[in-house]
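Note sheet for the following structure.
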Amino acid sequence: MNKHFASTADLEERPTAFRQVGDGCYAFTAAGDPNSGVIVGDRSVMVVDAQATPAAAEKVLEEIRAVTDKPVKFLVLTHYHAVRSLGASAFADAEIISSDLTKRLIADRGETDWAVQNARFPRLFQDGAAIPGLTWPTLSFASSMTIDLGNREVRLMHLGRGHTMGDVVVWVPGSGVMFAGDLVENRAACYCGDAHLADWPRALNRISAFRPNVVVPGRGAALIGPDAVAAGLSETQAFVDILRDSAATAVAAGNGLKDTFVHVKAEMDHRFGGLTLYDHAMPFNVARAYDEALGLETPQAWTPERDRDLWDALYDPAPPASEPETARPGGTPEDTAAYPGETGSGSPLPVLEASAAVDQLSSDRDVPGSDLEPGPALVDAEAGLVEALSDALTPETGAGEDSRSFQSRPN
């Protein structure tokens with residue numbers, strides 16, 4: 001193997017920061033490591049993403065205790081990856097919330113993903129012996145859920161497939177802050193090994209439709225202000241689009257995986273090569289883009305063996321034994337969620353109309369950090385968008401209610 005595998009050479013601890021990004025909203029960031037979010041209400045606290053280990057999660061708890069003594073009652077998993085979920089035991093009294101699809105992915109792939117992430121990110125899992133097991137959601141939802149933390153409403157939404165099949169965003173309408181998980185990155189490469197690349201831009205467009213003042217990405221500093229938010233969404237979409245399109249071009253020309261990797265990197269290195277995690281992510285990204293270009297709808301599960309085989313194949317100086325390659329065996333139809341109304345590259349008409357209404361009425365919250373509350377018309381428009389998304393995005397295989405509501409109760 002001619003190149004260090006994944007992030008095995010990344011052993012230097014990253015400095016962390018805890019910053020208020022809106023009324024009651026905080027971002028815990030670590031120079032390109034996975035972020036967490038914190039939302040504080042009058043009665044309770046919500047944490048967005050649990051970090052990789054209980055020890056890492058304790059650092060988030062320390063920051064929370066510096067700003068409030070309210071209990072952490074809710075922990076939201078934006079998706080199933082181990083680096084974001086396995087620190088959950090530090091939040092012992094919290095309800096653990098995910099989308100239905102993420103809950104299913106944990107059941108189907110959680111154990112192998114844990115092994116894979118442990119091998120890819122040894123620094124993040126250096127305290128991994130304290131992890132008691134997989135993190136199992138105690139609540140899940142198909143499309144949306146609303147939670148009242150006490151004079152602070154929080155909306156959890158599955159806006160479609162992107163970074164994974166089950167991504168959740170966390171929207172705090174009274175503060176104009178959205179926690180986007182790995183659907184959005186800031187100066188960090190997107191990891192696309194489990195992605196739905198054709199669908200990802202639609203999820204980004206739906207995030208944009210809410211006109212957030214702040215987006216907290218999966219990695220990197222918070223995007224604060226309309227210009228920074230727009231730039232972050234645009235750069236994330238450009239990364240996904242160029243990866244998908246350049247891989248499709250290579251596959252259409254009859255190239256196998258290794259030549260596709262060379263072609264895609266030639267298209268992307270000059271623009272994205274300096275991003276955090278770029279060298280780590282690109283082998284997995286191209287493997288998924290290659291599969292998707294060949295028509296493999298459901299991302300293949302990663303295993304430590306598949307990781308190493310891929311790395312050896314791409315960085316072995318010897319030419320591959322045979323080219324071009326064909327699609328490897330993949331997912332079955334029941335592994336893929338279908339979204340009624342999703343045809344071509346557009347959104348269903350009710351979603352477009354609701355998005356336009358939010359866009360027109362959002363001008364009263366254009367100033368970053370403004371204390372101005374959104375007007376009733378904007379609140380109604382945002383509620384209409386959530387309802388339209390709930391109708392359009394409910395998976396045919398989804399279980400449970402489309403929209404659920406919970407209130408935090410005092411101890």
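Give me the net charge for the shell around Ser99: Cβ to Cβ below 11 angstrom, other residues only, Lys and Arg +1, Asp and Glu -1.
+1
When only alpha-carbon atoms are used, what values of Rg and Dmax, in angstrom, describe segment 145-289?
Rg, Dmax (Cα atoms, Å): 16.1, 58.
Find how much the distance from Gln126 to Asp42 grows on full extension, using 0.36 nm per residue of separation minus their present alpha carbon separation; answer in nm with one decimal.
That pair, Gln126 and Asp42, stretches by 26.7 nm at full extension.
Applying the Karplus parametrisation 6.51 cos²θ - 1.76 cosθ + 1.60 with θ = phi - 60° to the phi angles of segment 180-186, what ³J(HN,Hα) value in whole Hz is obtained for each residue in order, glycine and proline being reported as x?
9, x, 7, 5, 10, 10, 10
In nm, to one decimal, how far is the Glu305 label point from the Glu13 one, both placed 7 Å along Cα→Cβ?
3.7
Lys103: which lysines have alpha carbons under 28 Å from its alpha carbon, excluding same-chain residues fewer than 8 sequence positions away?
Lys59, Lys70, Lys73
Compute and list, largest first, the equivalent-ellipsoid semi-axes of segment 55-164 from the alpha carbon gyration tensor, each √(5λ) rounded to a whole angstrom.
23, 20, 11
Can you tell me what share of the DSSP beta bridges in segment 57-175 is antiparallel? A percent to the nearest 5 is fine.
The answer is about 55 percent antiparallel.
Tell me, His270, His158 in order of fewest to most beta-carbon neighbours within 10 Å?
His270, His158
How much length is gained if the chain between Gln20 and Asp245 is pulled fully straight, taking 0.36 nm per residue apart and subtracting their Cα-Cα distance, in nm to one decimal?
Taking Gln20 through Asp245 to full extension adds about 77.2 nm, to one decimal.
May I ask you to sort Asp49, Asp69, Asp127 by Cβ crowding, counting other Cβ atoms within 10 Å and putting the fewest first?
Fewest-to-most ranking of Asp49, Asp69, Asp127: Asp69, Asp127, Asp49.
Straight distance only, please: which lysines reach the Cα of Lys265 with their own Cα at less than 27 Å, same-chain residues fewer than 8 apart left out?
Output for Lys265: Lys3.
State the antiparallel share, in %, of DSSP beta bridges confined to segment 1-98, rounding to the nearest 5.
The answer is about 65 percent antiparallel.
Please arrange Ser140, Ser234 by counting, for each residue, the other beta carbons lying within 10 Å of its beta carbon, fewest first.
By the 10 Å Cβ count, ascending, the order reads Ser234, Ser140.
Read-outs throughout are calculated quantities, based only on the coordinates presented, and are distinct from any laboratory measurement. Note that the coordinates shown come from a computational prediction; the quantities given were computed from them, not determined experimentally. Virtual Cβ from ideal backbone geometry, glycine too; neighbours counted across all protein chains shown.
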